[in-house]
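Worksheet: one structure, shown below.
FYI, it's all coordinate maths here, none of it is from the lab. As the structure is a prediction and not an experimental result, all values here were calculated from the model. Note: ideal-geometry Cβ built from the backbone for every residue, glycine included; neighbour counts use all protein chains shown.
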Amino acid sequence: MEKKTEQYDVVIIGGGAAGLTAGIYCGRARLKTLIIEKSLMGGLATYTNEIENYPGFPDGSSGLELMELFHKQAKKFNVNFKMTDVKSVDFTSEVKVVETFRVRYEAKAVIVTSGGKPRLTNAKGEAEFLYDKGISFCATCDAAANTDKEIMVIGSGDAAIEEGIFLTKFAKKVHVSVMHDTGKMDCNEIAKADAMQNPKMSFIWNTVVEEFNGNGHLDTVVLRNLKTNELIPVPVDTCFIFIGYLPNTEIFKDVLPMTKAGYLVTNEKMETSIPGVFAAGDVRDKFLKQVATAVGDGAIAGYAAEKYIAESEMFEMQILNHGRPSLAYVYNAIDATSRAYLSVIEGFEHEHPDIKVSRIDVYKSDGLARRLGVSKLPSLVYINNNKIIRKIDDINDLSIQQIVE
Ligand SMILES: Cc1cc2nc3c(=O)[nH]c(=O)nc-3n(C[C@H](O)[C@H](O)[C@H](O)COP(=O)(O)OP(=O)(O)OC[C@H]3O[C@@H](n4cnc5c(N)ncnc54)[C@H](O)[C@@H]3O)c2cc1C
């Protein structure tokens, strides 16, 4: 079946906090923008019962409500949305290609915001009970169904303990399996103190999951004590696993640079090593993975993508000048020597009306300087027939006149 092709300025892969924020920036910059989301618009945050640390919401907000606001704001700026799974990408040429089952999307820039997925314990029987069969990763989704039941939480990080506390509002008992010694947890101190005082929470220290058991539906989690090897069967209705996340980067293997753990590597402008491809949010290698930082990343990536597209257009139209002669003066506006030559460049422009002259301030357009291969400032680059003919970084009045001779 021949795939349909659609063109966009920017395609964003993933509709979580990072993707929606990048979409708001791109949409507001009047770029034709598409967000592709494979499961739930709003991403991981929608699974979170209460977000108390996102600024601007002093009374907290449910993850779902917060993400609905992000989505609404992106829609306001005419961002397009498609609910489907990105199967593959091709970033080898200037036009970036993102493919879903039915459509081939072509874009000037792509922003990867594919986030992460829950890490599994890999214990025996786990695959048999995932999701609706007793193993859950979402307290918000499954809390009510566990009213007056006994449940287990695996993990002791912020997510495990905060979601565990939330689950005590519904469940009769919340058993928490912690792999560390008694009293040691990975979560923040406030959550730890609250959890330790909560009469519905009981901690099983030094344990990991050995096996999940049940008949069609989970009924027992067998824990193993790491010190004594004792096996501890705990009857539960649901087991919530919160032991971290793995990045959704399978489709970017051998395409984008990533860490050993599979997180995408970017610089502070969210640029990957491929011009025009950006990554933002939990999918990239970074210190703190939260909604607030996903938003910051998304804003930078959206802005950087807009700048990249503007620079690409300027490079094509003005600097390559449709194959006709063109002179680029690459300078730094805050440097006196750089500024001194601006009047000479102006004189040159009057004398050579057949040559298109561009002044490129690296502070505003360092991407153009990179495209022209300029590292020393100020520099002059003479281009003709879409090729760099001459480059001079040791400028004087004479060299400006001579560059086109
Ligand atoms: C239980 C829990 C509690 C949390 N509590 C808090 C909290 O209190 N405060 C806080 O600030 N943060 C919290 N976080 C972290 C926060 O949810 C994340 O940091 C944030 O959601 C990251 O946003 P993101 O856009 O980078 O990624 P995600 O939200 O993971 O979004 C990525 C999206 O990309 C989609 N996607 C992936 N691959 C593809 C593909 N191939 N094609 C199409 N779509 C794709 C996914 O379906 C997903 O929707 C919590 C997380 C969890 C799990």
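The length gained by stretching the chain between K133 and K117 to full extension, at 0.36 nm per residue less their Cα-Cα distance, is 3.9 nm.
For the pair K75 and K387 in one chain, pulling the backbone fully straight at 0.36 nm per residue adds 108.1 nm over the alpha carbon distance. Taking label points 7 Å from Cα along the Cα-to-Cβ direction, K38 and M83 give a separation of 1.6 nm. Judged by the ratio a/c of the largest to the smallest principal axis of the C-alpha gyration tensor, region 127-241 counts as oblate, that ratio being 1.5 or greater while a/b is no larger than b/c.
First measure r as the distance between the Cβ atoms of H217 and E94, then evaluate 1/(1 + (r/R0)^6) with R0 = 41 Å and state the FRET efficiency to the nearest 0.05. E between H217 and E94, to the nearest 0.05, is 0.20. Total lysine pairs in region 127-241 at Cα distances under 12 Å, for residues eight or more apart or on different chains: 8. Taking a straight Cα-Cα cut-off under 18 Å and skipping sequence neighbours fewer than 8 places away in the same chain, the aspartates and glutamates within cross-link reach of K253 are D85, D90, E99, E271, D282, D285. When a/c is below 1.5 the answer is rounded, else prolate if a/b is larger than b/c, else oblate, so apply that to region 329-405 with a ≥ b ≥ c taken from the square roots of the Cα gyration tensor eigenvalues. Oblate, since a/c reaches 1.5 and b/c is not below a/b. Taking each DSSP H run with n ≥ 4 as -39500 (n - 2.57) and averaging over every residue of the chain yields -7000 deg cm²/dmol at 222 nm.
The angle between the Cα long axis of helix 17-28 and the main principal axis of the chain comes to about 30°, on a 0 to 90 degree scale. Charged side chains reduced to their Cβ positions (Lys and Arg at +1, Asp and Glu at -1) give the chain a dipole of some 540 debye around its Cα centre. Oblate is the label for region 1-58, because a/c, from the alpha-carbon gyration tensor with a ≥ b ≥ c as root eigenvalues, is 1.5 or above and a/b does not exceed b/c. Compared with the dominant Cα axis of the chain, that is its longest principal axis, helix 342-351 is turned about 50°.
Placing +1 on the Cβ of every Lys and Arg and -1 on the Cβ of every Asp and Glu, with nothing else charged, gives region 320-402 a dipole about its Cα centre of roughly 420 debye. When the charge dipole of region 99-256 is built from unit charges on Cβ atoms (+1 for Lys and Arg, -1 for Asp and Glu) and taken about the Cα centre, the candidate among T238, A109, A145 whose Cα reaches farthest toward its positive end is A109. In straight-distance terms, cross-link reach from K4 covers every one of the lysines whose alpha-carbon lies under 17 Å from its own, apart from those fewer than eight places away in the same chain; here that gives K82, K87, K96. Other residues lying with their Cβ under 15 Å from the Cβ of R359 contribute a combined charge of -3, Lys and Arg counting +1, Asp and Glu -1. Rounding to the nearest 10 and keeping the result within 0 to 90°, find how far the Cα-based axis of helix 158-167 lies from the longest principal axis of the chain. The angle comes out near 50 degrees.
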